[in-house]
1. So how many residues does region 495-527 have that are surrounded by fewer than 15 Cβ atoms within 10 Å (Cβ to Cβ) and more than 30 Å from TYR298 (Cα to Cα)?
2. Could you identify the single residue in LEU254, LEU318, LEU323, LEU286 that is in contact with a Pro (Cβ under 7 Å, 6 or more places away or on another chain) and either buried (at least 22 other Cβ atoms within 10 Å of the Cβ) or assigned by TED's automatic domain parsing to the domain that holds ILE650 (or both)?
3. On the basis of being at pLDDT below 90, among the hydroxyl-bearing types (Ser, Thr, Tyr) and in contact with a helix residue (DSSP H, G or I) (Cβ under 6 Å, 6 or more places away or on another chain), does SER53 make the cut?
4. For region 517-559, name all the residues that are at pLDDT 85 or above, closer than 28 Å to LEU389 by Cα and touching a Gly at 6+ places or on another chain (Cβ under 7 Å).
5. For region 327-337, state whether one or more residues are farther than 14 Å from GLY235 by Cβ, of a type in the set (S, T, N, Q), at pLDDT 85 or above and in a loop (DSSP other than H, G, I, E, B).
6. Tally time: how many residues in region 618-633 are crowded, with 20+ Cβ neighbours inside 10 Å and either polar (S, T, N, Q) or free of Cβ contacts under 8 Å to residues at least 40 places away in the same chain (or both)?
7. Any idea which of LEU368, LEU387 is without any contact (Cβ under 8 Å) to a residue 12 or more places away in the chain and in contact with a helix residue (DSSP H, G or I) (Cβ under 9 Å, 6 or more places away or on another chain)?
Amino acid sequence: MKAIARWCVRHRLIVVLVWLGALIATSALSQLVGTAYSNTFSLPNTESTQALSLLESAAPNVAGDREQIVLHTTNGTKVTDPAVQASVDAMLAKVAAVPHVSTIARPYPPPSTQISSDGTTAFATVTFDTQSQNISTALAKQFVATAQTAQGPDLQVAVAGPVAESADRQSFGGSLLGIILAGVVLLLVFGSVFAMALPLLSALASLGTAIGLIGLLSHLLKMPVFSTQLVLLIGLGVGVDYALFIVTRHRQGLIAGDDVESSIANAVNTSGRAVLFAGIIVCIALLGMFALGVSFLYGLAIAAAIGVLFTMVAALTLLPAFLGFIGPRVLSRRQKKELAANGPRVVGAGTKGFWPRWARFIQDRPVLPALVALIIIVVVALPFFSLRLGSSDQGNDPASTTTRQAFDLLASGFGAGFNGPLLLVTVNSGQADRQALDRLAVQVGRQPDVSRVNPPVVLPAKDGKQVSLITVYPSSAPQDASTTDLIDHIRQQTIPSAVAGTGVTVYVGGNTAIFADFARVLTSKLPLFIGLVVALSFLLLAVVFRSIVIPLTAAAMNLLSIGAAFGVLVAVFQWGWLGSVFQVGGPGPIEAFLPVMMFAILFGLSMDYEVFLVSRIQEEWLTSGDNRTAVRKGLAATGKSITAAALIMILVFGSFILGGQRVIKEFGLGLAAGILMDALVIRMAIVPSLMLLFGKANWWFPGWLDRILPRISVDPDLPPPGSFPDGPAPTGGPDHVTT
């Protein structure tokens, strides 16, 4: 690490030019080639996937996504008025010419089941010959724009469906605001414009390069459309934090009397090692999503891991080069004056200030702060036990979007369930049993939560099998729990009863069923994923700290902080508490993939703070052998840096709550709440209290395990962990600068 740091300082111009070239090259290529982000779900061995496969094989022209063009008249006008009908017919003729549009179910001639009882609302169903992920954003916008050509003074036109949603502009939330707020915090912490700018420059350069590369990879891997936003959200917080720790250590080295190059090398060799280790844990947690076997998450995991990897590498290479350029100007004016007047000093050795006093309080009364902090965490986490996974519908889109307007109009004119029809795809090995299909349609229509059932449509036979389609409109919205219950009831009771003994097989499909299956698949695999990530992280922490108690405590505390984060999400997005404050739209389920992503990200970031705190405590322990003193000094030395880093992350993550997309709001609020609880409540209160209560047991490590595991040290200048298992280290250990 020292060799890398010194090389980057001595060849700083080359390092900056290489990073600049990489940024320009990846950004230019991404702009030239374009991106191919898509929300692709592949759920093998589920009913919804089997239904889709049957439709694609029997009737490809009706197997694609279905969009609804909603028409609403005002000022006493009816959708059946000749002038309105003529305008709508002309518009639908233009829509039919849009590429990939295969069929259009028109609302005319009246009377029609696609016209509301008061005659003011109607809808046309447009079926594409492919899924929405295969339709470009430009084509989606063309489709929506064509539909809205019929709009007039008394006629409102809105479009619902996944294609229409992809046409809406994707908001990047408060990324600019997050950068500004992070800069303000850095300026307050460092008191130097140069010191403030460097972490931001390092993070932005690495993120720009990463996003360009991710855009290129989107042609090879299926990545969701919000991948860029997620990478920005994670990368800004992580990148600024990593750079902050290294810059802080470098400034402490300068104040202690080191020359610029030696101080940078020492900072990278100590805090840089912690950054490297923490970044690896975040990447492992993210890539652990491959264990779930859900292809939708593969591209998302790779994109997020690339963002973290690039910010980590930039902190270890580009940042030292920047620090070499500005030299002593990284110090504030006050620090330079004190250094000139009083000479070098060891930072963090004093007893004045908030953090030394807080560390002393924790040392004297470890039970009280641990108990209070634990009560706070448990209370915040309680809503987690009401967590309901699913997919929020377009009724939660911003009010200005065409999808939200279409959703509201359909719900008002026909019922919320018309926004998410279920598709019953039937197949048998001969001529369709019309009586069985009719009986199935009648029995499904009798269910309490079914609003309407369209008669069975027999599709062209293929491979000796007859495929039919029955469209079912629930009474409840796609995101409602009652709709999921309806799907389960139809699958488990209604269908077996209706087709028993007929040889007809029925699969429940459609977008609503796909998302219900998606939530069920992820829920079933979540324990495996959590166990894998916790086990790997436990092993890594055990290798670094040569301890059993510390990794176990870290894992338990991380689970608590993640539970608190989801408690906040459930209260705000599922229960609707403070929904108007966060502009949530309406209560609904938590996105099905959010627990996986949030767990991976928060678990990794929580480990960051654990590494920075415990590595400093371990440094003191290996020097003195006094656990109580080590915990107090470690907490006093790192408290300011960890809370400042956490504040930056909270502000960056919180700024994304301003974004238009519900899923990005969920990520922003959940990550901000998780970091708040983890850094301020757990790392600054519970962890040091528990380490004080455990005493020397913190550092117990079985001899046989010590012999077979490799040795990795966060601080290479101290004795290796386990050197003094039976008593304190020799006094007069090496001088050191606090992390």
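The values are calculated or read from the model by the stated rules, or taken from the named source; none is laboratory data. Note that the structure is a prediction, hence the values are computed from the model and not measured. Cβ coordinates were reconstructed from backbone atoms using ideal geometry, including for glycine residues, and neighbour counts include every protein chain displayed.
1. First, pick out the residues of region 495-527 that are surrounded by fewer than 15 Cβ atoms within 10 Å (Cβ to Cβ): 496-497, 500-501, 503, 523-524, 527.
Adding the requirement that they be more than 30 Å from TYR298 (Cα to Cα) leaves 496-497, 500-501, 503.
Looking only at that region, the number is 5.
2. LEU254
3. No.
4. ALA519
5. Keep residues of region 327-337 that are farther than 14 Å from GLY235 by Cβ, which gives 327-337.
Within this subset, residues satisfying the condition of being of a type in the set (S, T, N, Q) are 332, 335.
So of that shortlist, the ones also at pLDDT 85 or above come out as none.
Checked region 327-337: no residue is farther than 14 Å from GLY235 by Cβ, of a type in the set (S, T, N, Q), at pLDDT 85 or above and in a loop (DSSP other than H, G, I, E, B).
6. 5
7. When all the criteria are applied, what remains is LEU368.
Condition check ((1) under 23 Å from PHE573 (Cα atoms); (2) of a type outside the set (Ser, Thr, Tyr); (3) under 32 Å from the mean Cα position of the chain (by Cα)) across all residues:
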residue: VAL372; (1), (2), (3): no, yes, yes
residue: ILE376; (1), (2), (3): yes, yes, yes
residue: ALA381; (1), (2), (3): yes, yes, yes
residue: SER392; (1), (2), (3): yes, no, yes
residue: PRO398; (1), (2), (3): yes, yes, yes
residue: PHE407; (1), (2), (3): yes, yes, yes
residue: ALA416; (1), (2), (3): yes, yes, yes
residue: VAL425; (1), (2), (3): no, yes, no
residue: LEU440; (1), (2), (3): no, yes, no
